[in-house]
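Data first, discussion second: the structure below is written as C-alpha cells.
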C-alpha cells in the first residue's frame, strides 16, 4: 500500500528516514500516479534522502515551477481575451492557488485553466475565446448538448497554438446536483488580484474544493484534492465564517466531511465515522507500482458520483447513451 | 506486478514490471551485461499490463504505461512484448527526463568526440550507428542522445538497437547470432529484431564525449553530401527533441550552443558500405 507511505511522507516528511529502495520506488510511483510528486518534492526539501532520490525530487520541483509559470501565462492570456467584456474573471483551483501565492500551490500539478464567470456572460465569453484562438474539444453532439443543458461549465475548449485547455464555469456543481451553490455570492465575494483577475474568498475556496471532491466526482485524484483542502484550511482566517459560508451554498455536510477527512489523513489522525472510512479506503487504493487497486470500491464510487450528480431516471438515460457509444467505466 | 527487472542504462534507471513472464525473461537475457540501479531506486517505473483484466490470458494484449503514459496508446500483442518493454522505457524518457536535453538521434564516439546522427524513422540513423559500433567506434545509442545542460557534452543511452526490416539482414551479416533478440514479425513498424550493443558500449556508458559532427543521413538515395545551415539545423533539432520546451532557457541555450559549435551535413547513401565510407571521409576532414 504505497499510498499509505505517500500520505505518511506528506504528513510527516521526517518519516522517510530509513525507507528501503523498494519503498522509495513505491513512494515515487504512487506520488507520480496521484500527481503529488511535486508536492512531495517540496515537502521533502531539506530532508536527508538517498542519492538516487535527490535528482528525482529536484526534477519534480523544476517541473512544478514550470507548470506554475505556464498556468499564470495561460490565465493572463484568458484575461487579455476577455478584457473587453468587462466582467469579473475568477480563477479556480490550481491556477488560483498559484496566482494568490497559497501554500496549496507549492509543487502542485496544474492541468487545465478553470475560471468562473457570471452565467449571463457565457455567450459573450464563448465568442471571445473562440475569436482568441480556443477551439472545441468535444466533437460529439450529445456531449456538447449535455454540457450546455446540465453542466456547471461550458464544454471544454483547447487553445489551438498552446494546446492548453480552459474550463469556463458558471457555478461549482452540475445543475443536476441536489445542492445549488450560490454562484452570485461566489463571484460577489471574490478577491481581486493586482492584475485584475480574481480568486474566490478564503472560505469559498474550501467550499469549492470540498464540493469538487465530495459532491461531484468519483474521488479520482482525491488525495491531491484533499491535500489542497488541508493547505487551504491552514490559511483560513476564520473557521466560523467557513461554516456560515458552507451553509449559504447548501454544502455544510460536505465541508464538514472534507475537514474531518483532511484532519484524519494529513493532520492529527482523528478517528472517523464508518462512512468516511470507506472514502479513505478509496483514497488509498494505489499499490507500489502506481496501479489502482480495490476495483470494487472504485466502481462503487463511480456509481455514487453519478448518483449524486443526477436524478435516477436521467442517470439511467445518460449511462445507457454513454454505454451505447462505447464508454466503459473504470 | 508478477515479473520484474531493474536496469540502469546510461544515466537513467528503470524498473519494469509485467503481467507476463516472457518480456521480462527476454529483457534479462538481452540486458545481461547492464548494472542495477543505484540503491535499487529507479528513476522510472514501466508497466506492461493487460488492456482488460481477461486479456492477460485470453488473446493477451499488452498495454504500455508507467510513471508517464499515453491514454490512447494502442495495446500490442504479447509476442511483441519485448518491443513493448523497450517502447515503455522510451516513453518514460521522452515524457519525463529533464536532466539532459534529449535529441532523437543516434550517436557514436571515437577519441572522445561524438558523431550525432538524426533523421526520421527509416533514415538509417540506427543502422548506421550499429554498423559504426561494430567497426571501431563506440556505440552510444540509437534512440536518444543526451546533451549535458551545462557543458554541452553528449552522453550515452546505449539501449538495445532496434533494427527494422532490411536493417535486420544487414546486421545479421555483421554480428554473431548470440547478440540478437527474437525476430518480431509484423509489428506496427514492420519486422523488428533487437541487437545487444558490444560490451565496450555498456562498460563505458557513463563516459561522455564532445560533439564533433552532426549528420542528417538519408538512406535510399545516390551518394551525396550537402551543407545544412544553422537555422535549419536549429529548427530540425527543436522538432527532434521531446523535452526542449520543457527545459525552457536551459534547453534553448544548450541547443543554441550545440548548433553554433557543430558542423552539420546531410548525407545520402544507397548502402551501408557507402555510408561508412562517407562518414569516415567527413570525419577525417574535421581535422
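Annotations
- When the inverse distances between all different Cα atoms of the stretch B:20-141 are averaged and flipped, the Kirkwood radius reads 16.5 angstrom.
- Label-point gap, in nm, between residue B:177 and residue B:245 - each point 7 angstrom along Cα→Cβ: 4.8 nm
- Neighbouring Cβ atoms from other chains, within 10 Å of the Cβ of residues in B:35-42, number 6 on average.
- Derived value for the stretch B:110-150: Kirkwood hydrodynamic radius 11.1 Å. Basis is the mean of 1/r over every pair of different alpha-carbon atoms.
- Beta bridge orientation in the protein assembly as shown: antiparallel %, DSSP, nearest 5: 70 percent
- Where only DSSP H runs of four or more residues are counted, chain B gives -9000 deg cm²/dmol as its mean residue ellipticity at 222 nm, each run worth -39500 (n - 2.57).
- Alpha-carbon centroids, the stretch A:262-330 and the stretch A:216-230: separation in whole Å: 11 Å
- Quarter of the Cα convex hull surface for the stretch A:106-225, i.e. its orientation-mean projected area (nm²): 8.7 nm²
- Enclosing the Cα atoms of chain A in their convex hull gives a volume equal to 143 cubic angstrom per residue.
- Each of A:227, A:150, B:20, A:323 has some number of other Cβ atoms within 10 Å of its Cβ, and from fewest to most they run A:323, A:150, B:20, A:227.
- Other protein chain C-beta atoms within 10 Å of residue C-beta, averaged over A:20-33: 4.
- 0 to 90° range, to nearest 10: angle between helix A:2-11 axis and chain A longest Cα axis: 90 degrees
- Taking only the C-alpha atoms of the stretch B:132-215, the Rg (one decimal) and the largest Cα-Cα distance, Dmax (whole number), read 14.2, 42 Å.
- For chain B, the longest principal axis of the alpha carbon atoms and the long axis of helix B:272-284 meet at an angle near 50°.
- Taken over the alpha carbons of the stretch B:215-287 as equal point scatterers, the Debye sum produces base-10 log I(q)/I(0) values at 0.13, 0.16, 0.22, 0.28 Å⁻¹ of -0.47, -0.66, -0.96, -1.20.
- Only Cα sites of chain B enter the Debye sum here, all with the same form factor; the resulting log10 I(q)/I(0) across q = 0.09, 0.12 1/Å is -0.41, -0.75, listed in q order.
- Tilt relative to chain A, helix A:122-131 - C-alpha long axis, 0 to 90 degrees, to 10: 80 degrees
- Between the stretch B:150-185 and the stretch A:135-189, the alpha-carbon centres lie 50 Å apart.
- Neighbour-count order for B:13, A:15, B:106, fewest beta carbons within 10 angstrom listed first: A:15, B:13, B:106
- Cα-Cα pairs of the stretch A:71-146 separated by more than 18 Å (percent): 48 percent
- Relative contact order, percent, the stretch B:78-223 [alpha-carbon distance under 8 Å, six or more residues apart]: 28 percent
- Across chain A, the mean sequence separation of Cα contacts (distance under 8 Å, 6 or more residues apart), normalised by length, yields a relative contact order of 19 percent.
- Semi-axis lengths, largest first, of the ellipsoid equivalent to the protein assembly as shown are 48, 27, 24 Å, with √(5λ) applied to each eigenvalue of the Cα gyration tensor.
- Estimated Rh, the stretch B:137-287: Kirkwood, alpha-carbon pairs, angstrom: 17.3 Å
- Solvent-free Debye scattering, log10 I(q)/I(0), computed from the Cα coordinates of the stretch A:223-274 at q = 0.29 Å⁻¹: -1.20
- In terms of the mean number of neighbouring beta-carbon atoms within 10 Å, the peptides A:269-276, A:42-49 order highest first as A:42-49, A:269-276.
- Chain A, helix-only ellipticity at 222 nm - DSSP H runs n ≥ 4, -39,500 (n - 2.57), divided by all residues, nearest 500: -16500 deg cm²/dmol
- Over the stretch A:190-248, relative contact order from alpha-carbon pairs under 8 Å, at least 6 apart, %: 38 percent
- Shape call, the stretch A:215-330: gyration tensor on alpha carbons, a/c limit 1.5: oblate
- The ranking of A:142, B:244 from fewest to most other beta carbons within 10 Å of each one's beta carbon is A:142, B:244.
- Taking only the C-alpha atoms of the stretch A:157-257, Rg followed by Dmax gives 14.3, 45 Å.
Read the figures in this text as sums done on the coordinates, not as results from a lab. None of these values were measured; they are calculated from a predicted model. Cβ sites come from the backbone with ideal geometry, for glycine too, and all protein chains shown count toward neighbours.
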